[in-house]
Amino acid sequence: YSDIRVPDRYGASEYSRLSDDAKRRYLREYYFYPDVIIDKIIKGEVFTGMTTEQALFSWGRPDRIDSRDGSWGSIQKWFYGVDSQGGSFKYLHFKDGRLDDWKD
């Protein structure tokens with residue numbers, strides 16, 4: 001994921017300092033995302049079928065990634081910190097580059 005030119009949403013990057021309107025223009029002009037996807041990204045939401053690139057814009061860079069490849073395809077699980085109770089991680093689960101499950 002490090003080669004994708006997606007700024008870290010939660011870091012001190014230029015993207016994180018943009019207004020929501022500027023983020024919308026950026027995502028529309030440089031990534032050609034439709035408004036329905038941009039709205040979800042701006043709200044920090046995820047959805048089934050979301051690409052890894054879109055997830056990076058929505059939730060930022062994960063703390064850890066577990067990857068497996070096999071005859072069934074490519075699986076990635078992205079982990080983000082711990083939940084508010086100090087328990088399990090937030091995660092995104094991708095199959096062949098598309099989000100198919102998550103816990104927030």
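Which is touching a Gly at 6+ places or on another chain (Cβ under 7 Å) and open to solvent by 20 Å² or more (accessible area, probe 1.4 Å), of ASP63, ASP35?
Exactly one of ASP63, ASP35 is touching a Gly at 6+ places or on another chain (Cβ under 7 Å) and open to solvent by 20 Å² or more (accessible area, probe 1.4 Å), namely ASP63.
Tell me which residues, restricted to region 37-80, are among the β-branched types (Val, Ile, Thr), more than 22 Å from LEU18 (Cα to Cα) and assigned to a loop (DSSP other than H, G, I, E, B).
THR48
Going through ARG68, ARG98 one at a time, which residue ends up being at pLDDT below 95 and either on the phi < 0 side of the Ramachandran plot or more than 11 Å from the chain's Cα centre (by Cα) (or both)?
Just a single option satisfies the conditions, and that option is ARG68.
Among the residues that make up region 81-95, is at least one of them at pLDDT 90 or above and either of a type in the set (Val, Ile, Thr) or not in a strand (DSSP E or B) (or both)?
Taking every residue of region 81-95 in turn, none turns out to be at pLDDT 90 or above and either of a type in the set (Val, Ile, Thr) or not in a strand (DSSP E or B) (or both).
The values are calculated or read from the model by the stated rules, or taken from the named source; none is laboratory data. Given the structure is predicted, the values throughout are model-derived calculations rather than measurements. All Cβ positions, even for glycine, are placed from backbone atoms using ideal geometry, and neighbour counts span all protein chains on display. Please note that ligands, DNA and RNA were not included when accessible areas were found on the heavy atoms of the full protein model with its side chains. Shrake-Rupley method; radii C 1.70, N 1.55, O 1.52, S 1.80 Å.
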